[in-house]
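**Student:** Here it is, the structure in full.
The values are calculated or read from the model by the stated rules, or taken from the named source; none is laboratory data. Values in this document were obtained by computation on a predicted structure and should not be read as measured data. Because the Cβ atoms are built from the backbone with ideal geometry, glycine has one as well, and the counts that use them run over all protein chains shown.
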Amino acid sequence: MRAIRILRRRLHCLFHGSHADAELQREIEIHIQQLTNEAIAEGMTEAEARAMALREFGPVDRIKEKCRDTRRVSRIQDFVQDLRYGVRMLRQSPAFTAIAVITLALGIGANTAIFSIVDAVLLRSLPYRDPNQLVLMFNVPLNRPDALSGISYRDFTECLAQNGAFSQIAGNAFHDLTLTGAGEPAIVNTADVTPEIFPLLDAKPLLGRALLPEDGKPGAAAVAVLSEDLWRSRFGSNPGLIGQSIALDMRSFTVAGILPASFRYPEGAPHQDVWISIMQDPLFGPLASKPGVRVMGLIGRLNPGVSLAKAQAEMNTLGARFAKEFPAEDSGFTIQVQPYREAVVGNLRPALLILLSAVGLLLSIACANIANLLLSKATSRGREIAVRIALGASRARIVRQLLTESALLGLLGGVAGLLLAAWAVRSLRPFLPAEVVQIGSIHVGGPVPAFALLLSLAAALAFGLAPALLATPSNLQSNLKEGGDRTGQRGGQRVRSFLAIAEISLAMVLLVAGGLLIRSFALVTSVNPGFDPNNVTEAEVSLPQFQYSTPQQWRAFADELLERLHAQPGLQDSALAVPLPMDRQGQPAFAFTIVGNPPLPPGKSTTADYATVSPGYFHTMRIPLLRGRFFSYQDSPSQPNVAIISETLARRYFPNQDPIGKQMRFGFPPNGDTPREIVGVVGDVRDAALSKEPGPMMYVPFAQAPLYGGEVVVRNSLSASGVAAAIRQAVRSIDKDLPVTGIAPFRDSLGQSTSRERFRTFLLATFSAIALALAAVGVFGVISYSASERTHEIGIRMALGAQRRDVLHLILGQGAKLALLGLGIGAVLSILLTRFLASLLYSVSATDPLTFAAVAIVLLGVAAAACYIPARRAMKVDPMAALRYQ
Amino acid sequence: MPKPSDLLQGTLDLLILKTIVRKPLHGWGIAKRIQTLSGDTLSVGQGSLYPALHRLENQGWICSEWEESDLGRPAKVYSVTPQGRKQLERELKSWNRLSSAVHLLIQNA
């Protein structure tokens, strides 16, 4: 009952607020009238009586405000009123509003955009059931835990039989096969798997069936499962495809089923088109039977409640047992377990967290800037606020009102920032590094808008609180007396200076981070890769292995292709290689031994990167010969096996001796034990990535170690499309069913290899540029405000004989003090924080003095420029006018 | 144990409720009546009377009506609600407890 009455009354008050106010007015009026009447009865004149009644009653407005405060509804009412008032205030000063909203939009926008990437990559769960149960397993040498390699099929079956920690284990390898007979021949990404992977990943086919255990047995009929994409694009979504056969590498496979587009595996890698049993793969199938070939990656699903540590412990035991049971292959190796998510996003996390911190700093600077603007504005509103407090508004009430205004500003900035982020994410998507795009769809949706909203409210509180508290001083009198423009002046100026110093120091941190990345990127891109990538076009030719199944056929094809290419004008400088630099996608290094050296202790091995190249390769790539000779066409299979080694290999393993004429044993499996004579030493090549120091490399002539196809490199000055057409034509003239893929200038591969570096450098450079601009605006605001405050003082100084130069020094000195303090703090912060960047830097120290100095000079220059305008204005002060004005 | 300020406020609430529990009154009347009944010892400042009335009304302990009055024109007349009566009893009890305690202390200390 009571609750209802109170509610009714409050609702009444809410909707009839003005009515209630009128009633209150009338009630008080009656009281005052009675007091007046009494006084008249005591013999006063009416005027005297009225004055005396008002005196006795006390401050009417304050009492009214108190009465109003008792209505709880006033919270809501106040809020609505504050909101209206806030909108009015923002509209009254459009320049201020625009600057504040733009500043905030930059801050919130940058945060939201980065958060949308973080959300997609780090927060959103992987699209599998209980993704935290998924782990990958690798063979690693005991002495080099970072050198991950696959696991042999034999060891996989042993794991299946002996493990207790996993509910399922499956093997997978990836291979490009050629699809023919359905339009243009095409390369299809093929996943070679063991059938356990489908239940493990909960893959439910859209049509037909997935691979069954019996499909994985050696000698089973060849069946394939296709992706929905391939089924739609190549086979017109024909449901009758199930049971029909398709040709992969010229061998017929029966289509068993179609996997829905929603099924994606692996994450963070190219989309897979075809799924077959690893036993049916032309390359890996035969290798699977060799116990020494680590042919597959392993994925496992942990039993519920089994910890990673327990699984790792079990694998350690298993690894030790393998080493004992199969010493020839497994001695010196153990099995490492890695959470699947870690494998997918682990290497992206540091960079993303750094970007997230960077935008956090940016938002802090934006907030400091807006707080500064608000402070100046609140100061000019000091009189208005003082009057309201005098009329009985409580301090809390005014603070609430000012905060409502900030929140309004925050929301406007938040909406603008959200739009900015949506635009930025869309236009940046093409530049995102491939592995980021492949992980998940990045868009401003899901939790992202909520994040932006919360962030803008938090920002509003951050930039609104100090100005609101400072604008409502406890000492009212001075406010009214001084005409309001000295409200909290001391405190205000101190807070403003503090904010400017904070802005400069935060901007310094961002600029140093940006500067370090830029310097590191410049070093990476200007590094000598060991070859000349200009004017080189690359293309890939892959031979279907069922048609071209013997090394003799591979060799014959390569000879034929190079002969036809060399016959064409402009294509004489061309060669074939596997793999090219920058194309070493997880290609393992091969072990080698030096003939004549004492055998290595068990568990130790020497490895080097391996490439098989045609004789013209070194010349085409402009890789210099340091000793001995290049390969020639005389290095044929009937001649002794030869090899060329890189400078690093020669230096590291043949110290103080001439390697020419020495013999090494190595080769592409299963020819790992072939002795080869070293005939030459060539310059080092950055082979894995531009930022990776060149490691030891060994080359063999293609004719002595042919592969099923390879990569063609052509050096010439023709247009890229002309070269592409010429290469295609040469390949087609040999075999019209052969696809040529990946025709591109070699420069593009180089660009690809640094796309991650480029992207984060670009982002951080942009953020630090914005930070610099914001800090400049901040310093400008503080100095020009303080200069205009000091007009009177400057007038007196000039009247007393100060020169313009002195005034200039006065103002610039103030700015310099802020800037130097900011730089000092910023330098300390940077030294503390940039160490987190160290892992992203290439041959630049995280405390690179050159970068620090350059940033300090830039910041000082910008601060000086920001002070110069107000200083000029102060110099022009007319002393007479300044003195008279006050 | 209420704080001193609560005690003061509580006391004013008690006085108002007690004053109008028999006969509804307007603000002016309440102030006058507290003054006369206390033998001019207590004078309620308007500065606290009206906020107190509005607060009590908001709490649902008193309600108001605009009625013709002895002042020659309609006035806002306050009367005690049933909840207000209960509140009055509670306040009287706690006041009695307090005042007798204070009395005892003064007598015996």
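**Student:** Is there a residue in the stretch B:29-37 that is free of Cβ contacts under 8 Å to residues at least 24 places away in the same chain and among the charged types (D, E, K, R)?
**Tutor:** Within the stretch B:29-37 (the criterion being free of Cβ contacts under 8 Å to residues at least 24 places away in the same chain and among the charged types (D, E, K, R)), the answer is yes, since at least one residue qualifies.
**Student:** If residue A:574 passes every condition in (1) closer than 17 Å to residue A:697 by Cβ; (2) in contact with a Lys or Arg (Cβ under 9 Å, 6 or more places away or on another chain); (3) among the small types (Gly, Ala, Ser) but one, which one does it miss?
**Tutor:** (1)
**Student:** In addition: Sort through A:846, A:856 and tell me the only one that's in the same structural domain as residue A:768 (by TED's automatic domain parsing) and assigned to a helix (DSSP H, G or I). I'd like the intermediate steps shown before the answer.
**Tutor:** On the way: A:846 fails: assigned to a helix (DSSP H, G or I).
Answer to the check: A:856.
**Student:** Run down A:246, A:276 and say which single residue is in a strand (DSSP E or B) and in contact with a Gly (Cβ under 9 Å, 6 or more places away or on another chain).
**Tutor:** A:246
**Student:** Does residue A:733 satisfy being under 18 Å from residue A:616 (Cα atoms), surrounded by fewer than 16 Cβ atoms within 10 Å (Cβ to Cβ) and touching a residue at least 12 places away in the same chain (Cβ under 8 Å)? Reasoning before the result, please.
**Tutor:** Numbers: under 18 Å from residue A:616 (Cα atoms): no; surrounded by fewer than 16 Cβ atoms within 10 Å (Cβ to Cβ): yes; touching a residue at least 12 places away in the same chain (Cβ under 8 Å): yes.
No; evaluated as a whole, the condition is false for this residue.
**Student:** Of all residues in the stretch B:33-59, which are buried (at least 17 other Cβ atoms within 10 Å of the Cβ), more than 7 Å from chain A (Cβ to nearest Cβ), more than 18 Å from residue A:54 (Cβ to Cβ) and not charged (D, E, K, R)?
**Tutor:** Passing the criteria: B:34, B:52, B:53, B:56, B:59.
**Student:** For the stretch A:842-856: of the residues being of a type in the set (A, V, I, L, M) and within 19 Å of residue A:761 (Cα to Cα), which is surrounded by the most Cβ atoms within 10 Å (Cβ to Cβ)? If you could, list the steps in order and put the result at the bottom.
**Tutor:** Keep residues of the stretch A:842-856 that are of a type in the set (A, V, I, L, M), which gives A:844, A:846, A:850, A:853-856.
This time we only want the ones that are within 19 Å of residue A:761 (Cα to Cα), so: A:844, A:846, A:850, A:854-855.
Working: A:844: 22, A:846: 20, A:850: 12, A:854: 15, A:855: 26.
Among residues in the stretch A:842-856 that are of a type in the set (A, V, I, L, M) and within 19 Å of residue A:761 (Cα to Cα), the one surrounded by the most Cβ atoms within 10 Å (Cβ to Cβ) is A:855.
**Student:** On the given criteria, is residue B:31 in a helix (DSSP H, G or I) and either among the basic types (Lys, Arg) or within 19 Å of residue A:37 (Cα to Cα) (or both)? So that I can check it myself, show each step before the final result.
**Tutor:** Values: in a helix (DSSP H, G or I): yes; either among the basic types (Lys, Arg) or within 19 Å of residue A:37 (Cα to Cα) (or both): yes.
Criteria met by residue B:31.
**Student:** Also, quick follow-up: Tell me the strands (runs of 3 or more DSSP E) entirely within the stretch A:556-662 that contain at least 1 residues that are at pLDDT below 90 and in contact with a strand residue (DSSP E or B) (Cβ under 8 Å, 6 or more places away or on another chain). Lay out the reasoning, then the answer.
**Tutor:** Numbers: elements: A:574-578, A:590-594, A:606-613, A:625-628, A:642-646.
Qualifying strands (runs of 3 or more DSSP E): A:574-578, A:590-594, A:606-613.
**Student:** Go over the candidates A:194, A:180, A:254 one by one and state the one that is more than 31 Å from the chain's Cα centre (by Cα), within 25 Å of residue A:549 (Cβ to Cβ), surrounded by fewer than 21 Cβ atoms within 10 Å (Cβ to Cβ) and modelled with pLDDT of 90 or more. Quick ask: steps written out before the conclusion?
**Tutor:** Numbers: A:194 fails: surrounded by fewer than 21 Cβ atoms within 10 Å (Cβ to Cβ); A:180 fails: modelled with pLDDT of 90 or more.
From the options A:194, A:180, A:254, the qualifying one is A:254.
**Student:** Looking at A:255, A:274, A:193, A:225, which one is farther than 26 Å from residue A:540 by Cα and of a type in the set (Val, Ile, Thr)?
**Tutor:** Working: A:274 fails: farther than 26 Å from residue A:540 by Cα; A:193 fails: farther than 26 Å from residue A:540 by Cα; A:225 fails: farther than 26 Å from residue A:540 by Cα.
Criteria check complete, one pass: A:255.
**Student:** Test residue A:391 against the criterion of being crowded, with 17+ Cβ neighbours inside 10 Å, over 31 Å from the mean Cα position of the chain (by Cα) and among the aliphatic types (A, V, I, L, M), and give yes or no.
**Tutor:** Values: crowded, with 17+ Cβ neighbours inside 10 Å: no; over 31 Å from the mean Cα position of the chain (by Cα): yes; among the aliphatic types (A, V, I, L, M): yes.
No, not satisfied.
**Student:** Among the residues that make up the stretch A:832-841, is at least one of them aromatic (Phe, Trp, Tyr) and surrounded by 21 or more Cβ atoms within 10 Å (Cβ to Cβ)? If you could, list the steps in order and put the result at the bottom.
**Tutor:** Looking only at the stretch A:832-841, we keep the residues that are aromatic (Phe, Trp, Tyr), and these are A:836.
From the residues that got through so far, the ones that are surrounded by 21 or more Cβ atoms within 10 Å (Cβ to Cβ) too are none.
So far as the stretch A:832-841 goes, no, none of its residues is aromatic (Phe, Trp, Tyr) and surrounded by 21 or more Cβ atoms within 10 Å (Cβ to Cβ).
**Student:** Now, a different point. Identify, please: which residue in the stretch B:20-32 is more than 19 Å from residue A:24 (Cβ to Cβ) and away from chain A (no Cβ under 13 Å) and is, among those, surrounded by the most Cβ atoms within 10 Å (Cβ to Cβ)?
**Tutor:** Within the stretch B:20-32, the subset more than 19 Å from residue A:24 (Cβ to Cβ) is B:21-23, B:32.
From what is left, the residues that are away from chain A (no Cβ under 13 Å) are B:21-23.
Details: B:21: 14, B:22: 9, B:23: 10.
Among residues in the stretch B:20-32 that are more than 19 Å from residue A:24 (Cβ to Cβ) and away from chain A (no Cβ under 13 Å), the one surrounded by the most Cβ atoms within 10 Å (Cβ to Cβ) is B:21.
**Student:** If a residue has to be of a type in the set (A, V, I, L, M), touching a residue at least 40 places away in the same chain (Cβ under 8 Å) and surrounded by fewer than 23 Cβ atoms within 10 Å (Cβ to Cβ) to count, how many in the stretch A:704-730 make the cut? Walk me through how you get there before you give the answer.
**Tutor:** Just the residues of the stretch A:704-730 that are of a type in the set (A, V, I, L, M), to begin with: A:705, A:707, A:712-714, A:718, A:720, A:723-727, A:730.
From what is left, the residues that are touching a residue at least 40 places away in the same chain (Cβ under 8 Å) are A:705, A:707, A:712-714, A:718, A:720, A:723-724, A:726-727, A:730.
Next, from what is left, pick out any that are surrounded by fewer than 23 Cβ atoms within 10 Å (Cβ to Cβ): A:707, A:718, A:720, A:724, A:726.
Residues flagged as of a type in the set (A, V, I, L, M), touching a residue at least 40 places away in the same chain (Cβ under 8 Å) and surrounded by fewer than 23 Cβ atoms within 10 Å (Cβ to Cβ) within the stretch A:704-730 amount to 5.
**Student:** Given the conditions (1) assigned to a helix (DSSP H, G or I); (2) of a type outside the set (A, V, I, L, M, F, W, C); (3) not assigned by TED's automatic domain parsing to the domain that holds residue A:507, and given that residue A:384 satisfies all but one, which numbered condition is not satisfied?
**Tutor:** Condition (3) is where residue A:384 drops out.
**Student:** From the list A:135, A:80, which residue is more than 28 Å from the chain's Cα centre (by Cα) and either under 30 Å from residue A:327 (Cα atoms) or among the aliphatic types (A, V, I, L, M) (or both)? Walk me through it before giving the result.
**Tutor:** On the way: A:135 fails: more than 28 Å from the chain's Cα centre (by Cα).
Sole residue among the options that is more than 28 Å from the chain's Cα centre (by Cα) and either under 30 Å from residue A:327 (Cα atoms) or among the aliphatic types (A, V, I, L, M) (or both): A:80.
**Student:** Can you tell me which residues in the stretch A:857-885 are in contact (Cβ under 8 Å) with a residue 60 or more places away in the chain, surrounded by fewer than 17 Cβ atoms within 10 Å (Cβ to Cβ) and aliphatic (A, V, I, L, M)?
**Tutor:** A:858, A:865, A:869, A:880, A:881, A:883
**Student:** Exactly one of these conditions fails for residue A:733: (1) small (Gly, Ala, Ser); (2) at pLDDT 85 or above; (3) within 30 Å of residue A:497 (Cα to Cα). Give me its number.
**Tutor:** For residue A:733, the exception is condition (3).
**Student:** Scanning the stretch A:54-70 for residues that are surrounded by fewer than 16 Cβ atoms within 10 Å (Cβ to Cβ) and within 9 Å of chain B (Cβ to nearest Cβ), which turns out farthest from the chain's Cα centre (by Cα)?
**Tutor:** Start the filter on the stretch A:54-70 by keeping residues that are surrounded by fewer than 16 Cβ atoms within 10 Å (Cβ to Cβ), which leaves A:54-56, A:58-59, A:61-62.
Among the residues that remain, those that are also within 9 Å of chain B (Cβ to nearest Cβ) are: A:56, A:58-59, A:62.
Numbers: A:56: 70, A:58: 65, A:59: 62, A:62: 57 Å.
Result: A:56.
**Student:** Oh, and also: Would you mind finding the one in A:355, A:302, A:298 that is surrounded by 19 or more Cβ atoms within 10 Å (Cβ to Cβ), within 33 Å of the chain's Cα centre (by Cα), at pLDDT 85 or above and outside the structural domain of residue A:170 (by TED's automatic domain parsing)? Full working, then the answer.
**Tutor:** Working: A:302 fails: outside the structural domain of residue A:170 (by TED's automatic domain parsing); A:298 fails: outside the structural domain of residue A:170 (by TED's automatic domain parsing).
The unique qualifying residue is A:355.
**Student:** Still on this structure: Applying the selection to the stretch A:40-53, what residues are surrounded by 19 or more Cβ atoms within 10 Å (Cβ to Cβ) and either more than 14 Å from chain B (Cβ to nearest Cβ) or in contact (Cβ under 8 Å) with a residue 24 or more places away in the chain (or both)?
**Tutor:** A:49
Conditions tested, residue by residue: (1) away from chain B (no Cβ under 14 Å); (2) part of a helix (DSSP H, G or I); (3) more than 20 Å from residue A:447 (Cβ to Cβ); (4) modelled with pLDDT under 85.
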| site | (1), (2), (3), (4) |
| --- | --- |
| A:72 | no, no, yes, yes |
| A:79 | yes, yes, yes, yes |
| A:91 | yes, yes, yes, no |
| A:104 | yes, yes, yes, no |
| A:108 | yes, yes, no, no |
| A:120 | yes, yes, no, yes |
| A:127 | yes, no, no, yes |
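**Student:** Name the residue, out of A:229, A:155, that is part of a helix (DSSP H, G or I), of a type outside the set (Lys, Arg), crowded, with 22+ Cβ neighbours inside 10 Å and assigned by TED's automatic domain parsing to the domain that holds residue A:293. Give the steps one after another, and end with the answer.
**Tutor:** On the way: A:229 fails: crowded, with 22+ Cβ neighbours inside 10 Å.
Only one candidate qualifies: A:155.
**Student:** Is it fair to say residue A:677 is outside any loop (DSSP other than H, G, I, E, B), out of contact with any Phe, Trp or Tyr (no Cβ under 8 Å at 6 or more places or on another chain), assigned by TED's automatic domain parsing to the domain that holds residue A:592 and more than 25 Å from residue A:742 (Cβ to Cβ)?
**Tutor:** Numbers: outside any loop (DSSP other than H, G, I, E, B): yes; out of contact with any Phe, Trp or Tyr (no Cβ under 8 Å at 6 or more places or on another chain): yes; assigned by TED's automatic domain parsing to the domain that holds residue A:592: yes; more than 25 Å from residue A:742 (Cβ to Cβ): yes.
When the stated conditions are applied, residue A:677 passes them.
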